[in-house]
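Visitor: Take this structure first; my questions come after.
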């Protein structure tokens with residue numbers, strides 16, 4: 001019995017193609033391993049997160065609304081007021097029980113310096129509750 005290997009004439013051609021079968025086998029094994037281990041890794045401590053809620057702006061009669069326009073002018077409600085007069089008026093209401101809250105509305109184009117001065121004046125007067133009124137975000 002005889003067996004012939006290759007070409008009998010001696011002209012052997014080289015096979016230059018890559019055998020991708022082992023590569024595909026390895027990739028499938030890795031894919032299966034990742035699919036099995038990813039759910040195990042993503043398990044975390046069970047925590048109940050708080051829900052988002054929209055708290056309505058409740059205004060009280062005694063609350064003080066201060067507004068600052070883009071030029072730095074200060075308004076108590078609708079009336080313009082100077083810094084010294086603002087301090088005097090705030091000191092008068094700071095001694096009331098319960099102490100009123102101050103709501104500051106600063107213009108978006110106003111430099112922070114103007115809002116900072118009003119905030120400093122409120123602090124010097126001894127007002128404890130200070131809040132900033134913002135434009136509500138647009139619903140998406």
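Visitor: Identify the residue in region 88-132 that is surrounded by fewer than 14 Cβ atoms within 10 Å (Cβ to Cβ) and touching a strand residue (DSSP E or B) at 6+ places or on another chain (Cβ under 9 Å) and, among all such residues, is farthest from residue 72 (Cα to Cα).
Guide: So, considering only residues that are surrounded by fewer than 14 Cβ atoms within 10 Å (Cβ to Cβ) and touching a strand residue (DSSP E or B) at 6+ places or on another chain (Cβ under 9 Å), the one farthest from residue 72 (Cα to Cα) is 129.
Visitor: Pull out all pairs, ordered by first then second residue, where Cβ-Cβ is under 7 Å, the residues are six or more apart or on different chains, the first lies in region 86-114 and is on the phi < 0 side of the Ramachandran plot, and the second is assigned to a helix (DSSP H, G or I) and loosely packed, with under 15 Cβ neighbours inside 10 Å.
Guide: 87/124
Visitor: Here's something else I'd like to know. For region 83-101, indicate whether the set of residues that are farther than 20 Å from residue 130 by Cβ and modelled with pLDDT of 90 or more is non-empty.
Guide: no
The values are calculated or read from the model by the stated rules, or taken from the named source; none is laboratory data. All values derive from a computational prediction rather than experimental measurement. Glycine gets a Cβ as well: all are built from the backbone with ideal geometry, and neighbour counts include every protein chain shown.
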